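Visitor: Encoded as structure tokens, here's the structure I'll be asking about.
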Amino acid sequence: MRILNLLAARAATATGALGELAVLAMFAHMALDLIIRLVGGGTPEGMPEAVARIYMVMVVFLPLAGLQASGRQIEVAVLAERLGGRALYLQRLAAALVTVAVAGLFTWLSFDVAWVATLRGERVVLTGFSLPVWPGRWAVVAGFGALALVALAQLIRTAAGRAPVEAAHGA
């Protein structure tokens, strides 16, 4: 269990850090685009495609595990707020099980898509060149894979009767 917790924490940290780097790279790319537009009067080819197909995918999917690990994921707690004792435990256990199953399924399915995209060298064909977009496919795999690891560690923790990580309200 300790190894799984360590692996899940490191996966969440690594994918979160990559997501942060993607935000910085996207901002730098957009700033460069703005400067070129102001100086040269036009946008460089491929800028919108790079932002939409690579950076935004990374920004959305890579932080998933960190959000889950810190308890800051989106959740609907209308029913859970009214539950207590065994009912709350069963609800948390069921939610953790569904999260593991869905994240695992998405990891598997996105791996297949990323693998095929990599083998084909998936690109967006532009006027002057073609932009490789297959690396963005692997961000989905990494994000959901890390989420599955974190959710599995949380499922085991919940099944053992230990409280899950809770985010501070308003954080």
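The values are calculated or read from the model by the stated rules, or taken from the named source; none is laboratory data. Nothing here was measured: the structure is a model prediction, and the numbers come from that model. Heads up, the Cβs are rebuilt from the backbone with ideal geometry, glycines too, and the neighbour counts pull from every protein chain shown. Ligands, DNA and RNA are excluded from the accessible area calculation, which covers all protein heavy atoms including side chains. Shrake-Rupley method; radii C 1.70, N 1.55, O 1.52, S 1.80 Å.
Residues checked against (1) modelled with pLDDT under 80; (2) part of a helix (DSSP H, G or I); (3) closer than 21 Å to ARG157 by Cβ:
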position: ALA8; (1), (2), (3): no, yes, yes
position: GLY19; (1), (2), (3): no, yes, no
position: LEU32; (1), (2), (3): no, yes, no
position: ILE54; (1), (2), (3): no, yes, no
position: ALA69; (1), (2), (3): no, yes, yes
position: GLN73; (1), (2), (3): yes, no, yes
position: ALA77; (1), (2), (3): yes, no, yes
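Visitor: All but one of (1) closer than 23 Å to LEU21 by Cα; (2) surrounded by fewer than 16 Cβ atoms within 10 Å (Cβ to Cβ); (3) at pLDDT 85 or above hold for LEU97, so report the exception by its number.
Guide: (1) is the only condition that LEU97 fails.
Visitor: Related question: Take the stretch 36-52 and flag every residue that is open to solvent by less than 40 Å² (accessible area, probe 1.4 Å), assigned to a helix (DSSP H, G or I) and either without any contact (Cβ under 8 Å) to a residue 24 or more places away in the chain or not aliphatic (A, V, I, L, M) (or both). Working first, answer last.
Guide: Quick first cut of the stretch 36-52, residues open to solvent by less than 40 Å² (accessible area, probe 1.4 Å) only: 42, 44, 46-47, 50-51.
Then keep just the ones that are assigned to a helix (DSSP H, G or I); that gives 47, 50-51.
Of everything in the stretch 36-52, just one residue is open to solvent by less than 40 Å² (accessible area, probe 1.4 Å), assigned to a helix (DSSP H, G or I) and either without any contact (Cβ under 8 Å) to a residue 24 or more places away in the chain or not aliphatic (A, V, I, L, M) (or both), namely MET47.
Visitor: Among the residues of the stretch 121-171, which ones are at pLDDT 85 or above, open to solvent by less than 30 Å² (accessible area, probe 1.4 Å) and assigned to a loop (DSSP other than H, G, I, E, B)?
Guide: GLY121, VAL133
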